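The values are calculated or read from the model by the stated rules, or taken from the named source; none is laboratory data. For clarity, every value in this text was computed on a predicted model and none was experimentally measured. Cβ placement follows ideal geometry from the backbone for every residue including glycine, while neighbour counts extend to all protein chains displayed.
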Amino acid sequence: MNGRVFGAVLVTIALLAGCGQASPPGTSASGGLSAQSVGPGEKFPAGFLWGVATAGFQSEGGDTNNNWYASEQEGRFKEPIKDAVDFWNRYPSDMDLAKGMGLDAFRMSIEWSRVEPLPGVWDQAALDHYGAMIDAAIARGLDPVITLNHFTYPAWLDATNGPKGWDRPDAPDLFAQYVYKVATAFKGKVHTWLTLNEPNALAIGGFLTGQIPPWQTGPENYDDAIKGMIAAHELAYRTLHMVDPTNQVSTNLFYYYFGNGVTYDPTALWADGPPTVQSLSGILHDFTGLPGPRLSDFDPQTLDFIAIDFYWGISVQGLLNIREAYNWPQSPPDLEKACESLYAQYHKPILIAENGMATRNLAPRADGWTREASLVNHLYYLHQAIAHGVPVMGYMYWSLTDNYEWGDWTPRFGLYSVDGLNDPSLTRVPTAAVAVYRQIATSNSLPDSLLSQYMVSGTPSN
Ligand code: BGC
């Protein structure tokens, strides 16, 4: 992600942790398929949500009213967003593609900046358009999973000489008013909500190191933004439950370190054997506040389920390559560990709100991973977690199509590729992973043929 650099500080975490290597893909069936493993072809739970994840600003095009667009207009990004991939207009055919893969869920975001273009001014046409999108998903048998804030927010929230965005003391209340509008508009149609996308990514990049909008720096801004986002989530949670008590609500964090409630206790550190990634990272967090907010910073009563965006486990390699999404290491076994440790701590269902793999403009990856192998391997380890008793609600692949990767077009994450920078027709071209995902979703299982073709030896990275 251009600009998403949490770099130097976070590298320290990984160095402390001292772990993590990607597992290069091999050719044969895995040593991971041991006696107690999930058998090939075994089913995922009934009602499992098979989906794709998308985000408004990255896909829609034409949203000229948010803080990222303002920065894009100022030329602060490597490449222009142009029309993104025109999801705003092409959503019916894009949802057909999702349906065509046999999926039953669709994660998309609503852009606050479209719904409330000026403070207190509500755009009914924009709300209606989102309503049409939600209806289109439902009509295709795709359960809508709605993100209420995917990094971007109305430009007017920054148009002040004082604090910007989540640093504004009134930001949580303003957000709650928008959430109320959306929750009432889509009551009964949407049941699964994510309030804020990756507050732990935004806090660092947007409010500490100043590498993404709103370009704020320093510990004070960082602390205020964390407090603001936690308050915004908690207010949004209460609002969504007030409107419809059956709503299921969470916030999805980027999985590099969530904290497990570990606090610094030197005497306890070695009590149960050598320090772990979690305990060392917990100490670092206690001294520096990095990275925040942690999952444990949220009131657990405001998390109906635990949602994670899983791209790689905690690793030096991941953090050193954070600028280049196409070099993010693949560590599928860590997905099982992440689910198992989060369930052990929270005892709540888990949603994989994002998982995926980028190439550099469709070129084969240097480490040999293909999208289809990545998909199969991650789902194998997710299945392992399920077999070990973790209630996993569903899996949202990032992403349906290539899209604007926060400043440039080079990382390609799509099941369908689209050249948003150079192809005015924005043609969706299926990658080989489309047929693979279709086989998995339609059978609600990992067919034996896919496992033997794609599984690689697991090299646990923690
Ligand atoms: C974000 C997406 C992003 C993806 C790949 C996630 O951090 O939610 O918006 O495109 O990762 O970088």
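List of remarks:
- Among the residues of region 177-200, those that are buried (at least 21 other Cβ atoms within 10 Å of the Cβ) and in contact with a Ser or Thr (Cβ under 8 Å, 6 or more places away or on another chain) comprise Val179, Ala183, Trp193, Leu194, Thr195, Leu196, Asn197, Pro199.
- Residues that are among the charged types (D, E, K, R) and touching a Leu at 6+ places or on another chain (Cβ under 7 Å) were ranked within region 84-105; the one that is farthest from Ala441 (Cα to Cα) is Asp86.
- Single match in Val456, Val390 (criterion: touching a Cys at 6+ places or on another chain (Cβ under 7 Å), part of a loop (DSSP other than H, G, I, E, B) and either away from the ligand (no atom under 16 Å from the Cβ) or charged (D, E, K, R) (or both)): Val390
- Test: residue in region 361-372 that is crowded, with 19+ Cβ neighbours inside 10 Å, in contact (Cβ under 8 Å) with a residue 60 or more places away in the chain, within 15 Å of the ligand (Cβ to nearest atom) and in a helix (DSSP H, G or I): yes
- Unmet requirement for Asp309, which otherwise passes all of (1) within 25 Å of Leu103 (Cα to Cα); (2) within 16 Å of the ligand (Cβ to nearest atom); (3) free of Cβ contacts under 8 Å to residues at least 60 places away in the same chain; (4) charged (D, E, K, R): (3)
- Sole residue being free of Cβ contacts under 8 Å to residues at least 60 places away in the same chain and crowded, with 17+ Cβ neighbours inside 10 Å, chosen from Ile386, Ile440, Ile352: Ile352
- Restricting region 193-211 to residues that are within 11 Å of the ligand (Cβ to nearest atom) and out of contact with any Pro (no Cβ under 6 Å at 6 or more places or on another chain), the residue that is farthest from Gly394 (Cα to Cα): Gly205
- Failed criterion for Asn444 (all others in (1) among the polar types (S, T, N, Q); (2) on the phi < 0 side of the Ramachandran plot; (3) touching a strand residue (DSSP E or B) at 6+ places or on another chain (Cβ under 6 Å) hold): (2)
- Being at pLDDT 60 or above and more than 22 Å from Thr410 (Cβ to Cβ) is a condition met by at least one residue of region 23-41.
- Taking region 176-225 as the range and being among the aromatic types (Phe, Trp, Tyr) and under 19 Å from Pro245 (Cα atoms) as the test, the residues that pass are Tyr178, Tyr180, Phe186, Trp193.
- Scanning region 410-419 for residues that are assigned to a loop (DSSP other than H, G, I, E, B), surrounded by 23 or more Cβ atoms within 10 Å (Cβ to Cβ) and within 13 Å of the ligand (Cβ to nearest atom) yields Phe413, Gly414.
- For region 136-178, a residue qualifies if it is within 18 Å of Ala225 (Cβ to Cβ), aliphatic (A, V, I, L, M) and away from the ligand (no atom under 16 Å from the Cβ), and the qualifying residues are Ala155, Leu157, Ala159, Ala171, Leu174, Ala176.
- Subset of region 241-255 that is out of contact with any Ser or Thr (no Cβ under 8 Å at 6 or more places or on another chain) and either of a type in the set (Lys, Arg) or part of a helix (DSSP H, G or I) (or both) - its residue that is nearest to Asp297 (Cα to Cα): His241
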